[in-house]
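The values are calculated or read from the model by the stated rules, or taken from the named source; none is laboratory data. Only a predicted model underlies this, so the values are computations on that prediction, with no experimental measurement involved. A quick note on method: Cβ atoms are made from the backbone with ideal geometry, for glycine too, and the neighbour counts reach across all protein chains shown.
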Amino acid sequence: MGTGSTDTKGGDVAKIATFCPLSRRGARRARSLVFYPIRSLLSAAEAPAESGEFVLSITRILLAEDDNDMRRFLAKALQTAGYDVVSFDNGLSAYERFREEPFNLLLTDIVMPEMDGIELARRATELDPDLKVMFITGFAAVALNPDSQAPKEAKVLSKPFHLKDLVNEVDKLIAA
């Protein structure tokens, strides 16, 4: 288990330090320092009135994509952009996790084994009507078909796409 601390410099920059053991005995420890503009942290923070501490609210994304390489690239791009990503290779496993934990965004392929992305999105939005949904697919016409029962507010990003475009579209959808 690691520990962490925060500090500010003149109200402009936040320093977040983390210390994590590299071995089970904790003999070796790694230290990482990350500096963020304080305005970006405070815009995502909630400050409890009784303490001076703040808690960052990190956007959680549930990713369902059956292609291993694609899933890995998508997760890495979104994690690099600052999102917390939990990924699965099929819709059923993603749905089971969704029933256990809250997520802000469902990012799903449409054609997958065990449960397709449209069924996953339909079931997930029944549980959480505020869940934002984005389909990533080579079959955009299927998602846009009115008979598909896909959530009406879902965004569709057609493959192929650049990872930068994915992050931009996710940013826009989260901000909306």
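Determine whether Val142 is crowded, with 18+ Cβ neighbours inside 10 Å, modelled with pLDDT of 90 or more and β-branched (Val, Ile, Thr). Criteria not met by Val142. Looking for something touching a Phe, Trp or Tyr at 6+ places or on another chain (Cβ under 6 Å) and within 18 Å of Glu169 (Cα to Cα) - is there at least one such residue anywhere in the stretch 121-132? Among the residues of the stretch 121-132, not one is touching a Phe, Trp or Tyr at 6+ places or on another chain (Cβ under 6 Å) and within 18 Å of Glu169 (Cα to Cα), which makes the answer no. You will find that of Glu96, Glu114, the residue that is of a type outside the set (Gly, Ala, Ser), modelled with pLDDT under 95 and over 24 Å from Lys164 (Cβ atoms) is Glu114 and no other. I'd like to verify a number: residues in the stretch 112-126 that are within 11 Å of Ala64 (Cβ to Cβ) and surrounded by fewer than 17 Cβ atoms within 10 Å (Cβ to Cβ), how many? Within the stretch 112-126, residues that are within 11 Å of Ala64 (Cβ to Cβ) and surrounded by fewer than 17 Cβ atoms within 10 Å (Cβ to Cβ) number 2.
Sub-9 Å Cβ pairs linking a first residue in the stretch 78-106 that is on the phi > 0 side of the Ramachandran plot to a second residue that is β-branched (Val, Ile, Thr) and in a loop (DSSP other than H, G, I, E, B), at least 6 apart or interchain, are Gly82/Ile58; Gly82/Thr59, ordered by first then second residue.
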